[in-house]
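Read through the structure below, which is laid out as structure tokens, and then see the notes.
The values are calculated or read from the model by the stated rules, or taken from the named source; none is laboratory data. The structure presented is a predicted model; accordingly, all values stated were derived computationally and were not measured. Note that we place each Cβ from the backbone using ideal geometry, even for glycine, and neighbour counts take in every protein chain shown. Accessible surface is based on the protein model in full, side chains and every heavy atom, while ligands, DNA and RNA are left aside. Shrake-Rupley method; radii C 1.70, N 1.55, O 1.52, S 1.80 Å.
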Amino acid sequence: MRVGLLTEGGYPYVDGDARAWCDRLVRGLAQHEFEVYALGRGPGQRAGSWGELPRQVSRVRTAPLWGEPERRRGGRGGRRQRRQFAGHFAELAAAISVPYGSGAPHGSGVPGRSTVQADRFASGLYGLAELAGEYGGLSTALRSEDAVRTLERACHAPGTPRGAQQARLADLLSVAEALERALRPLSLDWYGGSGDPGLSGVDLCHAATGGAAVLPGLLAKRRFGTPLLLTEYGVRLRERYLAGAADAGDGRSLSGPLQAPSGAAQALSGPVRTLLAAFHGRLAAEAYARADLITPGNTHTRRWQERCGADRERLRTVYPGMDAARFAEVGEAGGVHAGGDDRTLVWVGRIEPPKDVIALLHAFAEVRRWQPDARLRIIETRGGEDPETDGYPAHCRALAEHLFPDEAADAHSAGDNPVSFERLGDPEVPTLADAYAAGGVVVLSSVAEGFPVGLVETMFCARATVSTDVGAVCEVIGGTGLVVPPRNPRALAEACLALLNDPERAARLGAAARARALELFTVEQNVAAFRGIYLELMSHCPVRRDEAGEGGGPRPFARPAEAHVPGRWTPGRDGDRFGHWLPGPAASRPASEHTPAWADPPPCEALGVGPRPSEEGA
């Protein structure tokens, strides 16, 4: 099977959870061939290295969502093109001028699912996509005076909410530029033509995240009938909402395709945030409505998707797979690392406001009242990357010095602070496993979390945990640790004291946590789940392409029978970038090299999975 893997800001660019998950998935499904279509969020990614890609990755195509758009051909176009653009963009603008979440029937439980607005958004979106394919791109048109005037008319139309009606010219210019960046995938040459099949030649599109990355999959589904699988381990729409709220509070611009004009670090106004939030809400609803299957990474994400209109019948929770082998030695050995003891609390992560290290320090002050020999080791995994958060770590260190002045055992000893700030990779904590094993209890004090990766790593290490009830924490921990409300230092302190004073209970909880993590959160369970999902989607909704001969008629036996057998039977031709075995050279295979129509299984209608998508434009 040929899979088009769609990413944004992740694989194959950068280190981190998104890249690691995609890499493990691709390596685990070695029987399939992957083509990676990656959208970059910033110049730092393009400068970075991809690393070594597995042999089953036959190609990587990239495009930036930052900087100036790549010029393909054409400009604003002629009168006919401008008239068509005005009509389609007016539909899109009218849909986003009404805030996402309004217009739903009372009590429906589904915000933003107004049929009229959803239809207008889809009509405008796919109309613009057709124009981009016909005229070679829309970047100039989306930044034109015509686009700004269209936005202005939509915002001032009768019945438009006050937030949109207050938009000024500067606001509309910001929105137009942000929309051009977000809609840049519509203008890419990823959809076939000039001898390169692109996404028209894949059997399945797998979007590894929501947002702009899902746009190529939506177009491939509409044009070629390609099944679309959407995986979200963190809801991109929720991230946009949180980024918009932070932008309103501290003057920072949004990252990625929704940043301020020219990347300026300036605050976005209320009308701009309203319009951009509505756009991403409509886009998320469209993606959830069109995807053949949606795989949230946890119940917290699943609830968000359901509230945004995703059909429960097409939702299937698949926990992210993590590498348990690097924590095996610590997890199986038990006990505490040589540098720590049972009276030590450990916190591991990046020191930033959502992690609420301030509340942790206040909680530890309460712990010290009842447990004077307790210690707290704060181990930072990353730092110094975001200038906007540089002040927060310094504030945490200053608070620790204020709450816990250096203490000495007697008049002849040097003072020592019970709170230490360390960096992962230091001699005392060279690896993550050493960090989690440095104490008897590991603490998570966050006020916001998606899927708590660090908590799972702690469970692999068989450590007892005290966590705040945010995101998917309760779902992950499942009764194998203590959970307290966020922003409650007293409750956090009481839970920590309960485990510090009962090492046997802490050991039992740690063993239970490791058993749960090995059952639910390993790479093997994740890869096995997606192996079955891929085959299920292909069996229900196979891509149909007509094989044509020289005269335009059908060409029987267009593909040999051995091509249907899993494996790599034919050596790639010389010059193949990866020089590996494929069922025919990836660069030379035509777009039509798929199962003949007469050999296909029954159509989707007969299998009871809904009507076939339109193949117009295939």
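Computed values, structure above
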item: Qualifying trypsin sites (Lys or Arg not before Pro) in region 499-548, DSSP loop, other Cβ atoms within 10 Å at most 13; result: none
item: Added length on full extension, which subtracts the Cα-Cα distance from 0.36 nm per residue, Leu403 to Ala289; result: 35.8 nm
item: Separation of the Glu504 and Leu173 label points, Cα + 7 Å toward Cβ, nm; result: 7.2 nm
item: Rounded to the nearest 10 Å², the accessible area of His395 at probe 1.4 Å; result: 100 Å²
item: Accessible area, probe 1.4 Å, largest first, for residues Glu68, Glu428, Glu380; result: Glu68, Glu428, Glu380
item: Solvent accessible area, Å² - Thr522, 1.4 Å probe, full protein context; result: 10 Å²
item: Accessible area (Å², 1.4 Å probe, nearest 10) - Val483; result: 60 Å²
item: Alpha carbon centroid spacing (whole Å) that separates region 318-334 from region 469-507; result: 21 Å
item: Table column - 3J(HN,Hα) (Hz), region 360-374, Karplus curve with 6.51, -1.76, 1.60, x for Gly and Pro; result: 4, 5, 5, 5, 5, 4, 5, 4, 5, 4, 9, 9, x, 8, 5
